[in-house]
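Colleague: This is the structure, below, for whatever I ask next.
The values are calculated or read from the model by the stated rules, or taken from the named source; none is laboratory data. Remember, predicted model here, so these are calculated numbers, not experimental data. In this analysis, Cβ positions are derived from the backbone assuming ideal geometry, glycine residues included, and neighbour counts consider all displayed protein chains.
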Amino acid sequence: MKAKRRVAPAVVGLFAAFGFVTAGAKTQTSGTAHMTVSGPVSSNAPGKKTEEQFKNIQVLKGIPAEQLIPTMEFIGASLGVGCEFCHVHNAFEKDDKKPKQTARKMMEMMFTINADSFEGNRVVTCNSCHRGNAMPQAIPAVMTDEPKEAVSDPTAADAPTGEQLLDKYLQAAGGATAIEKVNSRVMKGTVDFGGKSVPIDIYSKEPGKRISFMHMPEGDSVTAFDGHEGWLGMPGRPAREMHGSELDAASMDADLHLATHLKPMFSEMRVQASEKVGDREAYVVMGAREGKTPIRLYFDEQSGLLLRLVRFGDSALGWLPTQIDYADYRDTNGVKIPYRWTLARPNGRFTIQVSEVMQNVSVDDRKFAKPPAEEKGPGK
């Protein structure tokens, strides 16, 4: 029987609010069928190693401790299972379950295949064989739909280049002059997930600051980035700091001038086969970044607006994708911004619908200040 994937009850737990991605680990390089990143993805928070912070680490030694949970998330997403498929409840260090022993052997096999056959590039991952199933999918699936008509090659001479598509997007969004005039943005709306809806307030301010408050029944869940540091807060728990690619994602979310910064962000761009996003045809641009995972951008062929962004968080075993779909673009003080976006990862999705936007209003810098750490006194 296929193990069913477990989805966390709180939207913050699913996505760390606005795009949880994870920092680089392991000394393998990362690649996909479309583009390979030369060299390991960097992490800016070395800290403790897994074996220094967790018990009974046998295979995933030497990687930052903060990477262990993202790596477990990658396994869970690849196999479509929850933690207790391999682990004993509240005793994760125990080796009582056979799937845990099997997982260790599979990880070692994967590392060996990539080292011996792919020059250390991370080509084979858990998902290569499992595809969301607890058992490897060795038998090809039958065709359930009619074959799709082949699409034309967008890299032909008459197709736009990556630079042209970024320029068209910049103009469609209002142009560099109008975008750079925006120094703050306050948004109010709702977050919809699992049939539930909760209010959300989002405050952004240049240079690169952003904080969101999801008003959950048990208290506010907070995702914050002050331009340098990022943290996540959940009711009844101490704030958790962001690291590595989490900070990279948070900085993009906080950039009110992102449309003007995309082109210099990429060391290489490739236009791939066009795809549909909803009912819209979109050009797909894969942008490589030095020392970071790439970004895939989907631009409306007609309007030029950004319809989808896919970014990748790195773990010790492979990349975890985060897909953001943008819709309901509206002109707001001369710039076009999406009033709705849907964020999806392998373990769930949620949608933010904005109802009110105010730009170039006063936002106190203290709103983005990191809360002081709770001091532990005697007996605590």
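Colleague: Would you mind finding the one in Gly287, Gly291, Gly236, Gly230 that is in contact with a helix residue (DSSP H, G or I) (Cβ under 6 Å, 6 or more places away or on another chain) and either in contact (Cβ under 8 Å) with a residue 40 or more places away in the chain or not assigned by TED's automatic domain parsing to the domain that holds Asp325 (or both)? Break it down into steps so the answer makes sense when it comes.
Modeller: On the way: Gly287 fails: in contact with a helix residue (DSSP H, G or I) (Cβ under 6 Å, 6 or more places away or on another chain); Gly291 fails: in contact with a helix residue (DSSP H, G or I) (Cβ under 6 Å, 6 or more places away or on another chain); Gly236 fails: in contact with a helix residue (DSSP H, G or I) (Cβ under 6 Å, 6 or more places away or on another chain).
Gly230 is the lone residue from the list that is in contact with a helix residue (DSSP H, G or I) (Cβ under 6 Å, 6 or more places away or on another chain) and either in contact (Cβ under 8 Å) with a residue 40 or more places away in the chain or not assigned by TED's automatic domain parsing to the domain that holds Asp325 (or both).
Colleague: Listed residues Lys370, Lys380, Lys376; which is touching a strand residue (DSSP E or B) at 6+ places or on another chain (Cβ under 8 Å), assigned to a loop (DSSP other than H, G, I, E, B) and at pLDDT below 95? Please lay out each step first, then the result.
Modeller: Values: Lys380 fails: touching a strand residue (DSSP E or B) at 6+ places or on another chain (Cβ under 8 Å); Lys376 fails: touching a strand residue (DSSP E or B) at 6+ places or on another chain (Cβ under 8 Å).
The conditions single out Lys370.
Colleague: Test of understanding: among Lys98, Lys61, Lys55, which residue is among the basic types (Lys, Arg), farther than 18 Å from Arg131 by Cα, in contact (Cβ under 8 Å) with a residue 24 or more places away in the chain and surrounded by fewer than 16 Cβ atoms within 10 Å (Cβ to Cβ)? Before you say what the answer is, go through the steps one by one.
Modeller: On the way: Lys98 fails: in contact (Cβ under 8 Å) with a residue 24 or more places away in the chain; Lys61 fails: in contact (Cβ under 8 Å) with a residue 24 or more places away in the chain.
After ruling out the rest, the residue left standing is Lys55.
Colleague: Still on this structure: Look at the stretch 70-91 and say how many of its residues are surrounded by fewer than 20 Cβ atoms within 10 Å (Cβ to Cβ) and free of Cβ contacts under 8 Å to residues at least 24 places away in the same chain.
Modeller: Final tally of qualifying residues: 7.
Colleague: List every residue pair whose Cβ atoms lie under 6 Å apart, where the two residues are 6 or more positions apart in sequence or sit on different chains, the first residue falls within the stretch 344-363 and is within 30 Å of Trp319 (Cβ to Cβ), and the second residue, located anywhere, is buried (at least 16 other Cβ atoms within 10 Å of the Cβ) and of a type in the set (Asp, Glu).
Modeller: Thr351/Asp192
Colleague: Report, ordered by the first and then the second residue, all pairs with beta carbons closer than 9 Å, sequence separation of six or more or different chains, a first member in the stretch 255-271 that is without any contact (Cβ under 8 Å) to a residue 24 or more places away in the chain, and a second member that is surrounded by 15 or more Cβ atoms within 10 Å (Cβ to Cβ) and not in a strand (DSSP E or B).
Modeller: Leu258/Ile179; Leu258/Met252; Leu258/Met265; His261/Met252; His261/Asp255
Colleague: Still on this model: Tell me, which residue of the stretch 206-263 that is assigned to a strand (DSSP E or B) and of a type in the set (Ser, Thr, Tyr) is farthest from the chain's Cα centre (by Cα)?
Modeller: Step one: filter the stretch 206-263 for residues assigned to a strand (DSSP E or B), giving 209-216, 219-225, 230-233, 240-241.
If we keep only those that are of a type in the set (Ser, Thr, Tyr) as well, we get 212, 221, 223.
On the way: Ser212: 17, Ser221: 18, Thr223: 14 Å.
The selected residue is Ser221.
Colleague: From the list Met234, Met286, which one is buried (at least 18 other Cβ atoms within 10 Å of the Cβ) and either touching a Lys or Arg at 6+ places or on another chain (Cβ under 6 Å) or not aliphatic (A, V, I, L, M) (or both)? I'd like the intermediate steps shown before the answer.
Modeller: Details: Met234 fails: either touching a Lys or Arg at 6+ places or on another chain (Cβ under 6 Å) or not aliphatic (A, V, I, L, M) (or both).
Selected residue: Met286, the only one of Met234, Met286 that is buried (at least 18 other Cβ atoms within 10 Å of the Cβ) and either touching a Lys or Arg at 6+ places or on another chain (Cβ under 6 Å) or not aliphatic (A, V, I, L, M) (or both).
Colleague: Identify all residues within the stretch 77-92 that are of a type in the set (Gly, Ala, Ser) and closer than 10 Å to Gly132 by Cβ; write none if there are none.
Modeller: Just the residues of the stretch 77-92 that are of a type in the set (Gly, Ala, Ser), to begin with: 77-78, 80, 82, 91.
Residues satisfying the conditions are Ala77, Ser78, Gly80.
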